[in-house]
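Report on one structure; see the data block that follows.
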Amino acid sequence: MLKGPIAVALDGPDLATVAGWAHAVAPHVSTLKVGLEAYLRDGAAAVEVVRTAGCALFLDLKLHDIPNTVAGAARSVSHFAPDYLTVHALGGRDMIRAAVEALPGTRITAVTVLTSMDAQALADVGIATDPLTTAVRLAVLAVEAGARAIVCSPLEVAAIRAAVPNDITLITPGVRPAGTALGDQRRVATPQQALADGADLVVIGRPITGAADPAAAAAAIAGSL
């Protein structure tokens, strides 16, 4: 069975729920994402769920600290051999490079602008440029520092695709199938549009994990792609 280019966000209330979702959707998706909620609660057990499900491991820890600390944090998860490990691009060139050097076998994945933020939210924290300009600038900086994947909203993916080499993996959260609730996401698109604009992998959480039948939801979205 051909798996869809989907990373399912395993943001569940307990390990049993996470494991249930993972094994239900694994036949239909390429990647499973372990984020802060699951990792801080369940640690290695959450990673093992992904490994036993047979999908790529997207370890979404969004590291953001001084370079030495980020390097140490990256080394601390090296035994998991994650396929992707996220860092915040706003941490700067040296911080991103420190993660790349600490974990050379992993696609260090730079998060540009969170999909929950809009222009006003950026202005509130002192960033005067709009989300598109900010995301492209951060993506280019991150790739120059050695990042091999970029996280951006689907609204910026086409511009970033044009600005970085073709071998850079572009990952888009903020993806919602037509007709589903946006939740706390602000800069969104359908998975079909995100892929058409240049994304390689789309991150989907609640539209799949919140469905009455997560496996059927994952299969339906994968099939539509």
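The values are calculated or read from the model by the stated rules, or taken from the named source; none is laboratory data. Since the model is a prediction, treat every value here as computed from it, not as a measurement. With ideal geometry, Cβ positions are generated from the backbone for all residues, glycine too; neighbour counts draw on all protein chains shown.
Applying the selection to segment 199-212, what residues are touching a helix residue (DSSP H, G or I) at 6+ places or on another chain (Cβ under 8 Å) and either without any contact (Cβ under 8 Å) to a residue 24 or more places away in the chain or among the basic types (Lys, Arg) (or both)?
Across segment 199-212, the qualifying residue is only ALA211.
Could you grab the pairs with beta carbons closer than 7 Å, sequence gap of 6+ or different chains, first residue in segment 60-89 and within 17 Å of LEU141 (Cβ to Cβ) and part of a loop (DSSP other than H, G, I, E, B), second one β-branched (Val, Ile, Thr) and modelled with pLDDT of 95 or more?
If the second residue must be β-branched (Val, Ile, Thr) and modelled with pLDDT of 95 or more, the pairs left are HIS64/VAL87.
Looking only at segment 120-135, count how many residues are among the hydrophobic types (A, V, I, L, M, F, W, C), under 22 Å from the mean Cα position of the chain (by Cα) and over 16 Å from HIS88 (Cβ atoms).
The qualifying residues number 1.
Do we have ALA110 as without any contact (Cβ under 8 Å) to a residue 60 or more places away in the chain and either surrounded by fewer than 24 Cβ atoms within 10 Å (Cβ to Cβ) or touching a Lys or Arg at 6+ places or on another chain (Cβ under 6 Å) (or both) here?
It is false that ALA110 is without any contact (Cβ under 8 Å) to a residue 60 or more places away in the chain and either surrounded by fewer than 24 Cβ atoms within 10 Å (Cβ to Cβ) or touching a Lys or Arg at 6+ places or on another chain (Cβ under 6 Å) (or both).
List the pairs whose first member sits in segment 6-25 and is within 13 Å of ILE204 (Cα to Cα), whose second member is of a type in the set (D, E, K, R), and whose Cβ atoms are under 7 Å apart, counting only residues at least 6 apart or on separate chains?
Sorted first by the residue in segment 6-25, then by its partner, the pairs are ALA7/LYS33; VAL8/LYS33; ALA9/LYS33; LEU10/LYS33; ASP11/GLU37.
Please pick out the residue among ASP65, ASP94 that is at pLDDT 95 or above, among the charged types (D, E, K, R) and either exposed (fewer than 15 other Cβ atoms within 10 Å of the Cβ) or within 18 Å of LYS33 (Cβ to Cβ) (or both).
Every option except ASP94 fails the conditions.
Conditions: (1) crowded, with 22+ Cβ neighbours inside 10 Å; (2) touching a strand residue (DSSP E or B) at 6+ places or on another chain (Cβ under 7 Å). ALA38 meets all but one. Number of the miss?
So ALA38 meets the others, but not (2).
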